[in-house]
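Enquirer: I have a structure I would like to understand better, so I am pasting it below and will then ask my questions one at a time.
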Amino acid sequence: MSEVTRFIPVSGGFLMVLRQGDDVFARLGALMREEAIGSAAFSGFGFVKSATFGFFDFEAGDYRPKTMENLELTNLTGTLAWKVGEPAIHAHATAGDASFRTFGGHVLSLEVGRGSLEIVITVFPGRLERAVDPDIGANVLQLMNIL
Amino acid sequence: MSEVTRFIPVSGGFLMVLRQGDDVFARLGALMREEAIGSAAFSGFGFVKSATFGFFDFEAGDYRPKTMENLELTNLTGTLAWKVGEPAIHAHATAGDASFRTFGGHVLSLEVGRGSLEIVITVFPGRLERAVDPDIGANVLQLMNIL
Amino acid sequence: MSEVTRFIPVSGGFLMVLRQGDDVFARLGALMREEAIGSAAFSGFGFVKSATFGFFDFEAGDYRPKTMENLELTNLTGTLAWKVGEPAIHAHATAGDASFRTFGGHVLSLEVGRGSLEIVITVFPGRLERAVDPDIGANVLQLMNIL
(Lines give C-alpha, C1' and ligand atoms only; values in the text may rest on other atoms or scores of the structure.)
Protein backbone atom coordinates (compact mmCIF):
# COMPACT_ATOMS: atom_id res chain seq x y z
CA MET A 1 0.00 0.00 0.00
CA SER A 2 1.50 3.32 -0.97
CA GLU A 3 1.87 6.15 1.51
CA VAL A 4 -0.28 9.28 1.21
CA THR A 5 1.57 11.96 -0.84
CA ARG A 6 3.28 14.50 1.41
CA PHE A 7 4.14 17.16 -1.19
CA ILE A 8 3.35 18.49 -4.65
CA PRO A 9 5.28 20.89 -6.89
CA VAL A 10 3.85 24.41 -7.12
CA SER A 11 5.17 27.42 -9.02
CA GLY A 12 8.55 28.25 -7.50
CA GLY A 13 8.75 25.32 -5.13
CA PHE A 14 6.69 22.78 -3.22
CA LEU A 15 3.63 22.56 -0.99
CA MET A 16 3.90 19.96 1.80
CA VAL A 17 1.07 18.63 3.92
CA LEU A 18 2.54 16.53 6.73
CA ARG A 19 0.46 14.18 8.86
CA GLN A 20 0.21 12.87 12.39
CA GLY A 21 3.46 11.29 13.54
CA ASP A 22 5.63 12.85 10.83
CA ASP A 23 9.06 14.14 11.82
CA VAL A 24 9.19 17.56 10.17
CA PHE A 25 12.97 17.81 9.74
CA ALA A 26 13.24 14.24 8.40
CA ARG A 27 10.50 15.01 5.85
CA LEU A 28 12.17 18.26 4.77
CA GLY A 29 15.53 16.51 4.44
CA ALA A 30 13.95 13.73 2.34
CA LEU A 31 12.34 16.38 0.09
CA MET A 32 15.75 18.05 -0.39
CA ARG A 33 17.31 14.77 -1.52
CA GLU A 34 14.41 13.54 -3.69
CA GLU A 35 13.96 16.85 -5.47
CA ALA A 36 17.65 17.88 -5.50
CA ILE A 37 16.96 21.16 -3.69
CA GLY A 38 20.18 23.15 -3.32
CA SER A 39 18.73 25.82 -1.06
CA ALA A 40 15.28 27.16 -0.15
CA ALA A 41 13.20 29.14 2.29
CA PHE A 42 10.08 27.77 3.93
CA SER A 43 7.10 28.88 5.93
CA GLY A 44 4.53 26.71 7.68
CA PHE A 45 1.82 26.24 10.30
CA GLY A 46 -0.20 23.40 11.80
CA PHE A 47 -0.59 21.18 14.82
CA VAL A 48 2.33 19.54 16.61
CA LYS A 49 2.36 16.67 19.07
CA SER A 50 5.73 17.78 20.33
CA ALA A 51 8.08 20.68 19.69
CA THR A 52 11.60 20.83 21.08
CA PHE A 53 13.06 24.32 21.22
CA GLY A 54 16.67 25.18 22.09
CA PHE A 55 18.31 28.37 23.30
CA PHE A 56 21.99 28.53 22.46
CA ASP A 57 24.38 28.71 25.39
CA PHE A 58 27.65 30.08 24.02
CA GLU A 59 29.53 29.11 27.20
CA ALA A 60 28.47 25.48 26.87
CA GLY A 61 28.56 25.58 23.05
CA ASP A 62 25.21 23.84 22.84
CA TYR A 63 21.45 24.37 22.98
CA ARG A 64 19.50 24.24 26.25
CA PRO A 65 16.44 22.29 25.11
CA LYS A 66 12.82 22.21 26.21
CA THR A 67 10.06 20.00 24.83
CA MET A 68 6.40 21.03 24.82
CA GLU A 69 3.37 19.05 23.71
CA ASN A 70 0.10 19.55 21.83
CA LEU A 71 0.59 23.00 20.40
CA GLU A 72 -0.85 24.91 17.47
CA LEU A 73 2.24 25.96 15.54
CA THR A 74 1.32 29.52 14.59
CA ASN A 75 4.35 30.02 12.40
CA LEU A 76 7.39 28.07 11.24
CA THR A 77 10.07 30.07 9.38
CA GLY A 78 13.27 28.57 8.06
CA THR A 79 15.80 27.87 5.36
CA LEU A 80 17.20 24.73 3.74
CA ALA A 81 20.87 24.35 2.88
CA TRP A 82 23.59 21.70 3.10
CA LYS A 83 26.49 20.95 5.43
CA VAL A 84 29.15 18.34 4.60
CA GLY A 85 26.77 16.52 2.26
CA GLU A 86 23.83 16.43 4.67
CA PRO A 87 20.67 18.57 4.75
CA ALA A 88 21.17 21.49 7.14
CA ILE A 89 17.77 22.80 8.20
CA HIS A 90 17.51 26.00 10.22
CA ALA A 91 14.07 26.85 11.58
CA HIS A 92 12.42 28.99 14.23
CA ALA A 93 8.82 28.62 15.36
CA THR A 94 6.10 30.12 17.51
CA ALA A 95 3.35 27.93 18.97
CA GLY A 96 0.26 28.40 21.13
CA ASP A 97 -1.25 26.11 23.75
CA ALA A 98 -4.90 25.42 24.62
CA SER A 99 -5.13 28.78 26.40
CA PHE A 100 -3.47 30.59 23.46
CA ARG A 101 -0.30 31.46 25.37
CA THR A 102 2.64 31.30 22.98
CA PHE A 103 6.14 29.91 23.17
CA GLY A 104 8.91 29.90 20.64
CA GLY A 105 12.51 29.86 19.57
CA HIS A 106 15.05 27.90 17.61
CA VAL A 107 13.58 24.52 16.64
CA LEU A 108 15.49 21.33 17.47
CA SER A 109 12.69 18.95 16.44
CA LEU A 110 9.00 18.86 15.60
CA GLU A 111 6.53 16.00 15.38
CA VAL A 112 3.18 16.55 13.70
CA GLY A 113 0.14 16.01 15.91
CA ARG A 114 -3.45 14.96 15.33
CA GLY A 115 -4.25 17.10 12.31
CA SER A 116 -1.73 18.30 9.78
CA LEU A 117 1.12 20.70 9.20
CA GLU A 118 1.27 22.70 5.96
CA ILE A 119 4.61 24.01 4.66
CA VAL A 120 5.39 26.08 1.55
CA ILE A 121 8.95 25.69 0.26
CA THR A 122 10.37 28.40 -2.07
CA VAL A 123 13.34 26.94 -3.91
CA PHE A 124 16.44 29.05 -4.67
CA PRO A 125 18.40 28.47 -7.89
CA GLY A 126 21.57 26.87 -6.50
CA ARG A 127 23.28 25.15 -3.62
CA LEU A 128 24.16 26.94 -0.38
CA GLU A 129 26.16 25.58 2.53
CA ARG A 130 26.15 26.21 6.26
CA ALA A 131 29.46 26.38 8.10
CA VAL A 132 30.54 27.20 11.63
CA ASP A 133 31.66 30.83 11.70
CA PRO A 134 34.83 30.90 13.84
CA ASP A 135 34.04 34.45 15.04
CA ILE A 136 30.76 33.44 16.66
CA GLY A 137 31.04 29.69 17.18
CA ALA A 138 27.74 28.92 15.49
CA ASN A 139 26.50 27.78 12.08
CA VAL A 140 25.97 30.55 9.55
CA LEU A 141 24.46 30.28 6.06
CA GLN A 142 27.29 31.08 3.62
CA LEU A 143 26.26 33.40 0.80
CA MET A 144 27.63 32.93 -2.73
CA ASN A 145 26.35 33.83 -6.16
CA ILE A 146 23.81 31.15 -7.21
CA LEU A 147 21.74 33.00 -9.80
CA MET B 1 -18.57 56.66 -4.32
CA SER B 2 -16.23 53.77 -4.98
CA GLU B 3 -14.53 51.85 -2.17
CA VAL B 4 -10.76 52.16 -1.64
CA THR B 5 -8.94 49.36 -3.49
CA ARG B 6 -8.08 46.48 -1.17
CA PHE B 7 -5.67 44.55 -3.42
CA ILE B 8 -3.39 44.77 -6.43
CA PRO B 9 -1.77 42.04 -8.53
CA VAL B 10 1.95 41.52 -7.96
CA SER B 11 4.30 38.99 -9.55
CA GLY B 12 3.06 35.56 -8.45
CA GLY B 13 -0.05 36.73 -6.65
CA PHE B 14 -1.64 39.66 -4.86
CA LEU B 15 -0.85 42.30 -2.26
CA MET B 16 -3.81 43.19 0.00
CA VAL B 17 -4.05 46.18 2.30
CA LEU B 18 -7.15 45.80 4.47
CA ARG B 19 -8.62 48.66 6.47
CA GLN B 20 -10.38 49.32 9.77
CA GLY B 21 -13.54 47.23 10.12
CA ASP B 22 -12.65 44.72 7.38
CA ASP B 23 -13.41 41.05 8.02
CA VAL B 24 -10.18 39.33 6.95
CA PHE B 25 -11.69 35.95 5.99
CA ALA B 26 -14.57 37.58 4.05
CA ARG B 27 -12.05 39.71 2.11
CA LEU B 28 -9.83 36.71 1.33
CA GLY B 29 -12.87 34.70 0.20
CA ALA B 30 -14.02 37.57 -2.05
CA LEU B 31 -10.51 37.76 -3.57
CA MET B 32 -10.59 34.01 -4.29
CA ARG B 33 -13.89 34.37 -6.16
CA GLU B 34 -13.08 37.60 -8.03
CA GLU B 35 -9.66 36.44 -9.16
CA ALA B 36 -10.52 32.75 -9.59
CA ILE B 37 -7.80 31.60 -7.19
CA GLY B 38 -7.73 27.80 -7.02
CA SER B 39 -5.24 27.60 -4.16
CA ALA B 40 -2.67 29.86 -2.53
CA ALA B 41 -0.53 30.53 0.51
CA PHE B 42 -0.55 33.83 2.37
CA SER B 43 1.37 35.74 4.98
CA GLY B 44 0.37 38.95 6.73
CA PHE B 45 0.69 41.38 9.63
CA GLY B 46 -1.09 44.47 10.94
CA PHE B 47 -3.45 45.73 13.60
CA VAL B 48 -6.63 43.92 14.62
CA LYS B 49 -9.63 45.19 16.56
CA SER B 50 -10.57 41.63 17.43
CA ALA B 51 -9.08 38.20 16.92
CA THR B 52 -10.93 34.99 17.73
CA PHE B 53 -8.67 31.99 18.19
CA GLY B 54 -9.86 28.39 18.62
CA PHE B 55 -8.18 25.30 20.07
CA PHE B 56 -9.62 22.08 18.69
CA ASP B 57 -11.26 19.76 21.19
CA PHE B 58 -11.34 16.31 19.55
CA GLU B 59 -13.77 14.98 22.19
CA ALA B 60 -16.30 17.73 21.45
CA GLY B 61 -15.39 17.83 17.73
CA ASP B 62 -15.23 21.63 17.78
CA TYR B 63 -13.02 24.60 18.61
CA ARG B 64 -12.91 26.18 22.09
CA PRO B 65 -12.88 29.86 21.14
CA LYS B 66 -11.45 32.97 22.77
CA THR B 67 -11.71 36.53 21.49
CA MET B 68 -9.10 39.18 22.23
CA GLU B 69 -9.10 42.86 21.31
CA ASN B 70 -6.71 45.54 20.04
CA LEU B 71 -3.68 43.48 19.14
CA GLU B 72 -0.74 43.94 16.81
CA LEU B 73 -0.89 40.85 14.63
CA THR B 74 2.78 39.92 14.43
CA ASN B 75 2.24 37.18 11.89
CA LEU B 76 -0.61 35.58 9.97
CA THR B 77 0.22 32.38 8.06
CA GLY B 78 -2.30 30.43 6.03
CA THR B 79 -3.50 28.73 2.87
CA LEU B 80 -6.47 29.19 0.58
CA ALA B 81 -8.38 26.25 -0.91
CA TRP B 82 -11.97 25.22 -1.54
CA LYS B 83 -14.50 22.94 0.15
CA VAL B 84 -17.79 21.97 -1.50
CA GLY B 85 -17.73 25.08 -3.70
CA GLU B 86 -16.92 27.53 -0.91
CA PRO B 87 -13.61 29.19 0.02
CA ALA B 88 -11.88 27.17 2.74
CA ILE B 89 -9.38 29.40 4.52
CA HIS B 90 -6.97 27.93 7.06
CA ALA B 91 -4.90 30.40 9.07
CA HIS B 92 -2.86 30.61 12.25
CA ALA B 93 -1.73 33.84 13.84
CA THR B 94 0.39 35.33 16.61
CA ALA B 95 -0.48 38.71 18.11
CA GLY B 96 0.92 41.04 20.77
CA ASP B 97 -0.88 43.32 23.20
CA ALA B 98 0.08 46.78 24.50
CA SER B 99 2.66 45.20 26.82
CA PHE B 100 4.06 43.03 23.98
CA ARG B 101 2.87 39.75 25.48
CA THR B 102 1.86 37.42 22.68
CA PHE B 103 -1.05 35.06 22.08
CA GLY B 104 -1.81 32.83 19.18
CA GLY B 105 -3.34 29.80 17.58
CA HIS B 106 -5.80 28.68 14.94
CA VAL B 107 -7.75 31.70 13.69
CA LEU B 108 -11.57 31.58 13.69
CA SER B 109 -12.05 35.26 12.75
CA LEU B 110 -10.17 38.55 12.49
CA GLU B 111 -11.39 42.12 12.17
CA VAL B 112 -8.95 44.85 11.17
CA GLY B 113 -8.47 47.65 13.73
CA ARG B 114 -7.51 51.29 13.51
CA GLY B 115 -4.63 51.09 11.06
CA SER B 116 -4.28 48.44 8.39
CA LEU B 117 -3.47 44.82 7.77
CA GLU B 118 -1.14 43.85 4.91
CA ILE B 119 -1.30 40.39 3.33
CA VAL B 120 0.75 38.86 0.51
CA ILE B 121 -0.99 36.03 -1.36
CA THR B 122 1.15 33.61 -3.42
CA VAL B 123 -1.10 31.86 -5.92
CA PHE B 124 -0.63 28.18 -6.80
CA PRO B 125 -1.33 26.96 -10.35
CA GLY B 126 -4.53 24.94 -9.75
CA ARG B 127 -7.42 24.15 -7.49
CA LEU B 128 -7.03 22.31 -4.18
CA GLU B 129 -9.76 21.08 -1.86
CA ARG B 130 -10.02 20.55 1.87
CA ALA B 131 -11.87 17.50 3.18
CA VAL B 132 -12.45 15.96 6.57
CA ASP B 133 -9.92 13.19 7.07
CA PRO B 134 -11.82 10.30 8.65
CA ASP B 135 -8.70 9.14 10.53
CA ILE B 136 -8.34 12.38 12.44
CA GLY B 137 -11.79 14.00 12.33
CA ALA B 138 -10.48 17.33 11.04
CA ASN B 139 -10.13 19.15 7.72
CA VAL B 140 -6.97 18.36 5.78
CA LEU B 141 -5.72 20.00 2.58
CA GLN B 142 -5.86 17.30 -0.10
CA LEU B 143 -2.78 17.18 -2.33
CA MET B 144 -3.07 16.44 -6.06
CA ASN B 145 -0.95 17.31 -9.07
CA ILE B 146 -1.79 20.89 -10.10
CA LEU B 147 1.32 21.93 -12.00
CA MET C 1 39.48 44.64 3.47
CA SER C 2 36.04 44.14 2.00
CA GLU C 3 33.01 43.47 4.16
CA VAL C 4 31.36 40.03 4.13
CA THR C 5 28.50 39.95 1.59
CA ARG C 6 25.13 40.50 3.25
CA PHE C 7 22.82 39.50 0.38
CA ILE C 8 22.60 37.60 -2.88
CA PRO C 9 19.96 37.69 -5.61
CA VAL C 10 17.62 34.68 -5.73
CA SER C 11 14.68 34.01 -8.05
CA GLY C 12 12.11 36.72 -7.34
CA GLY C 13 14.20 38.74 -4.91
CA PHE C 14 17.07 38.54 -2.45
CA LEU C 15 18.36 36.39 0.40
CA MET C 16 20.04 38.37 3.20
CA VAL C 17 22.21 36.97 5.97
CA LEU C 18 22.88 39.71 8.51
CA ARG C 19 25.59 39.45 11.16
CA GLN C 20 26.28 40.46 14.74
CA GLY C 21 25.91 44.20 15.24
CA ASP C 22 23.96 44.84 12.03
CA ASP C 23 21.05 47.29 12.17
CA VAL C 24 18.28 45.41 10.36
CA PHE C 25 16.34 48.45 9.09
CA ALA C 26 19.51 50.25 7.92
CA ARG C 27 20.55 47.11 6.00
CA LEU C 28 17.11 46.73 4.40
CA GLY C 29 17.08 50.44 3.43
CA ALA C 30 20.56 50.13 1.89
CA LEU C 31 19.39 47.08 -0.09
CA MET C 32 16.40 49.07 -1.40
CA ARG C 33 18.68 51.85 -2.65
CA GLU C 34 21.44 49.63 -4.07
CA GLU C 35 19.08 47.31 -5.89
CA ALA C 36 16.44 49.93 -6.78
CA ILE C 37 13.65 48.01 -5.05
CA GLY C 38 10.33 49.84 -5.50
CA SER C 39 8.36 47.63 -3.13
CA ALA C 40 8.70 44.18 -1.60
CA ALA C 41 7.60 41.82 1.14
CA PHE C 42 10.02 40.09 3.49
CA SER C 43 10.16 37.31 6.03
CA GLY C 44 12.98 36.51 8.43
CA PHE C 45 14.26 34.84 11.58
CA GLY C 46 17.45 34.78 13.64
CA PHE C 47 19.08 36.02 16.80
CA VAL C 48 18.83 39.63 18.00
CA LYS C 49 20.91 41.47 20.57
CA SER C 50 18.14 44.01 20.99
CA ALA C 51 14.61 44.46 19.70
CA THR C 52 12.60 47.61 20.27
CA PHE C 53 8.86 47.14 19.88
CA GLY C 54 6.27 49.93 19.90
CA PHE C 55 2.52 49.94 20.56
CA PHE C 56 0.77 52.87 18.91
CA ASP C 57 -0.97 55.31 21.25
CA PHE C 58 -3.50 57.20 19.13
CA GLU C 59 -4.04 59.80 21.87
CA ALA C 60 -0.33 60.66 21.98
CA GLY C 61 0.12 60.05 18.24
CA ASP C 62 3.26 58.00 18.84
CA TYR C 63 4.54 54.56 19.78
CA ARG C 64 5.09 53.48 23.41
CA PRO C 65 8.42 51.68 23.07
CA LYS C 66 10.03 48.79 24.92
CA THR C 67 13.47 47.30 24.30
CA MET C 68 14.31 43.69 25.03
CA GLU C 69 17.65 41.90 24.73
CA ASN C 70 19.07 38.57 23.56
CA LEU C 71 16.07 37.04 21.87
CA GLU C 72 15.57 34.40 19.22
CA LEU C 73 13.48 36.18 16.61
CA THR C 74 10.99 33.47 15.68
CA ASN C 75 9.45 35.46 12.85
CA LEU C 76 9.89 38.84 11.18
CA THR C 77 7.17 39.82 8.68
CA GLY C 78 7.15 43.10 6.77
CA THR C 79 6.96 45.14 3.62
CA LEU C 80 9.28 47.63 1.92
CA ALA C 81 7.99 50.83 0.31
CA TRP C 82 8.96 54.51 0.08
CA LYS C 83 7.87 57.73 1.78
CA VAL C 84 8.98 61.16 0.53
CA GLY C 85 12.06 59.67 -1.12
CA GLU C 86 13.16 57.58 1.86
CA PRO C 87 12.80 53.83 2.50
CA ALA C 88 9.65 53.17 4.57
CA ILE C 89 9.97 49.80 6.26
CA HIS C 90 7.02 48.30 8.11
CA ALA C 91 7.71 45.19 10.15
CA HIS C 92 6.23 43.14 12.96
CA ALA C 93 8.08 40.44 14.86
CA THR C 94 7.74 37.71 17.45
CA ALA C 95 10.71 36.70 19.61
CA GLY C 96 11.43 34.18 22.35
CA ASP C 97 13.72 34.46 25.36
CA ALA C 98 15.93 31.84 27.04
CA SER C 99 12.84 30.26 28.65
CA PHE C 100 10.94 30.28 25.30
CA ARG C 101 8.38 32.86 26.43
CA THR C 102 7.50 35.06 23.47
CA PHE C 103 7.01 38.79 22.98
CA GLY C 104 6.10 40.74 19.90
CA GLY C 105 4.56 43.64 18.09
CA HIS C 106 5.37 46.48 15.74
CA VAL C 107 9.15 46.74 15.31
CA LEU C 108 10.88 50.08 15.88
CA SER C 109 14.44 48.72 15.63
CA LEU C 110 16.39 45.48 15.61
CA GLU C 111 20.09 44.77 16.08
CA VAL C 112 21.46 41.36 15.16
CA GLY C 113 23.04 39.41 18.01
CA ARG C 114 25.75 36.79 18.27
CA GLY C 115 24.75 34.53 15.38
CA SER C 116 22.92 35.69 12.29
CA LEU C 117 19.57 36.82 10.98
CA GLU C 118 18.27 35.44 7.68
CA ILE C 119 15.75 37.41 5.61
CA VAL C 120 14.08 36.56 2.29
CA ILE C 121 12.91 39.58 0.27
CA THR C 122 10.27 39.07 -2.45
CA VAL C 123 10.41 42.03 -4.82
CA PHE C 124 7.22 43.50 -6.34
CA PRO C 125 7.30 44.92 -9.89
CA GLY C 126 6.97 48.67 -9.13
CA ARG C 127 7.19 51.44 -6.60
CA LEU C 128 4.71 51.82 -3.73
CA GLU C 129 4.47 54.66 -1.24
CA ARG C 130 3.32 54.94 2.35
CA ALA C 131 1.34 57.98 3.43
CA VAL C 132 -0.44 59.06 6.59
CA ASP C 133 -4.12 58.23 6.23
CA PRO C 134 -6.02 61.25 7.60
CA ASP C 135 -8.91 59.02 8.76
CA ILE C 136 -6.72 56.99 11.10
CA GLY C 137 -3.67 59.16 11.76
CA ALA C 138 -1.20 56.44 10.85
CA ASN C 139 0.91 55.41 7.86
CA VAL C 140 -0.85 53.17 5.34
CA LEU C 141 0.65 51.47 2.29
CA GLN C 142 -1.00 53.08 -0.74
CA LEU C 143 -2.08 50.60 -3.41
CA MET C 144 -1.76 51.44 -7.11
CA ASN C 145 -1.38 49.34 -10.24
CA ILE C 146 2.30 48.34 -10.53
CA LEU C 147 2.11 45.24 -12.72
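The values are calculated or read from the model by the stated rules, or taken from the named source; none is laboratory data. Being a predicted model, the structure only gives us computed values, none of them experimental. Quick reminder, even Gly has a Cβ in these numbers, built from the backbone with ideal geometry, and neighbours come from all protein chains shown. With ligands, DNA and RNA removed, areas are computed over all heavy atoms of the protein, side chains included. Shrake-Rupley method; radii C 1.70, N 1.55, O 1.52, S 1.80 Å.
Enquirer: So what is the relative contact order of chain A, in percent, for Cα pairs below 8 Å that sit 6 or more residues apart?
Expert: Details: 341 pairs, mean separation 46.3, N = 147.
Reported relative contact order: 31 percent.
Enquirer: Please express the Cα-Cα pair-distance distribution P(r) of the stretch B:19-72 as a list of whole percents, one per 10 Å bin, running from 0 to the bin with the greatest distance.
Expert: Computed distribution, short to long bins: 18, 38, 36, 8.
Enquirer: Which far-off residues, 5 or more places away or on another chain, put their amide H under 5 Å from the one on B:Phe124, with H placed in the peptide plane?
Expert: B:Ser39, B:Ala40, B:Ala41
Enquirer: Sort the protein assembly as shown into rounded, prolate or oblate with this rule: let a ≥ b ≥ c be the square roots of the eigenvalues of the Cα gyration tensor; rounded if a/c is under 1.5, and if a/c is not under 1.5, prolate when a/b is larger than b/c, oblate otherwise. Working shown, then result.
Expert: Values: a/c = 1.21, a/b = 1.00, b/c = 1.21.
Rounded shape, in that the Cα axes give a/c under 1.5.
Enquirer: Once the piece of chain linking A:Met68 and A:Val132 is laid out straight, how much longer is it, given 0.36 nm per residue of separation minus the C-alpha distance between them?
Expert: Values: separation 64, 0.36 × 64 = 23.04 nm, distance 2.82 nm.
The A:Met68-A:Val132 span can extend by a further 20.2 nm.
Enquirer: Taking the label point 7 Å from Cα in the Cβ direction, how far apart in nm is B:Arg33 from each other copy of itself, listed shortest first?
Expert: 4.7, 4.7
Enquirer: Could you provide, to the nearest whole Å², the per residue accessible area of the stretch B:55-147 with probe 1.4 Å? Before the final figure, lay out each step's value.
Expert: Details: 3800 Å² over 93 residues.
Heavy-atom SASA per residue in the stretch B:55-147 reads 41 Å².
Enquirer: OK, next. Counting only protein heavy atoms and using a 1.4 Å probe, what share of the accessible area of chain B belongs to carbon plus sulfur, as a whole percent? Let's see the in-between values first.
Expert: Numbers: 2990 of 5870 Å².
The C+S portion of the solvent-accessible surface of chain B is 51 percent.
Enquirer: Tell me the distances, shortest first, between C:Arg101 and the same position across the other copies, using label points 7 Å along Cα→Cβ, in nm to one decimal.
Expert: Ordered by increasing distance: 0.9, 0.9 nm.
Enquirer: Can you tell me, using C-alpha contacts under 8 Å and at least 6 residues apart, the relative contact order of the stretch A:58-137 as a whole percent? Each step should come with its number before you reach the end.
Expert: Working: 79 pairs, mean separation 22.2, N = 80.
That works out to 28 percent.
Enquirer: Report, for B:Arg127, each distance to the same residue's label point in the other copies, shortest first and in nm; define the point 7 Å along Cα→Cβ.
Expert: Nearest first, the other copies' label points are 4.2, 4.2 nm away.
Enquirer: Something else: Provide the descending list of Cα extents for the stretch C:1-142 along its principal axes, expressed in whole angstroms.
Expert: Result for the stretch C:1-142: principal-axis Cα extents of 45, 38, 26 Å.
Enquirer: Return the ratio Rg/(2.2 N^0.38 Å) for the stretch C:45-111, where Rg is computed over Cα atoms only.
Expert: Values: Rg = 12.8 Å, N = 67, 2.2 N^0.38 = 10.9 Å.
It is 1.17.
Enquirer: I'd like the FRET efficiency for A:Ala98 and B:Glu34, computed as 1/(1 + (r/R0)^6) with the beta carbon distance as r and R0 of 51 Å, rounded to 0.05. Don't jump to the answer; show the numbers that get you there.
Expert: On the way: r = 37 Å, r/R0 = 0.72.
Here the calculated transfer efficiency is 0.90.
Enquirer: Per residue of C:59-68, how many C-beta atoms from partner chains lie within 10 Å of its own C-beta, taken as a mean? Don't skip to the end; give the middle numbers.
Expert: Values: counts 0, 0, 0, 0, 0, 3, 1, 3, 0, 1.
Neighbouring Cβ atoms belonging to other protein chains average 1 per residue here.
Enquirer: Another question, then. Using only protein heavy atoms and a 1.4 Å probe, report how much of B:Arg19 is accessible, in Å² to the nearest 10.
Expert: That residue has around 50 Å² of solvent-accessible surface.
Enquirer: May I ask for the accessible area buried between chains B and A, both sides summed, probe 1.4 Å, to the nearest 100 Å²? Don't skip to the end; give the middle numbers.
Expert: On the way: alone 8610 and 8610 Å², together 14450 Å².
Adding both sides of the contact gives about 2800 Å².
Enquirer: Determine the percent antiparallel among the DSSP beta bridges restricted to the stretch A:69-147, to the nearest 5. Walk me through the numbers on the way to the answer.
Expert: Numbers: 21 of 22 bridges.
Antiparallel bridges make up about 95 percent of those DSSP assigns within the stretch A:69-147.
Enquirer: Counting only other chains, what is the mean number of Cβ atoms within 10 angstrom of the Cβ of each residue in peptide A:126-135? Show your work: numbers first, answer last.
Expert: Details: counts 3, 0, 4, 0, 0, 0, 0, 6, 0, 4.
Mean shielding count: 2.
Enquirer: Could I ask something else about it? Just tell me how shielded B:12-24 is by partners: mean number of partner chain Cβ atoms within 10 Å of each residue's Cβ, no decimals. Don't jump to the answer; show the numbers that get you there.
Expert: Numbers: counts 7, 3, 0, 8, 2, 6, 0, 4, 4, 0, 0, 0, 0.
Counting other chains' Cβ atoms within 10 Å and averaging over B:12-24 gives 3.
Enquirer: Moving on to the next point. Per 10 Å bin, what percent of the C-alpha pairs of the stretch A:94-145 does each bin hold, from zero upward?
Expert: It works out to 15, 32, 31, 19, 2, in whole percents.
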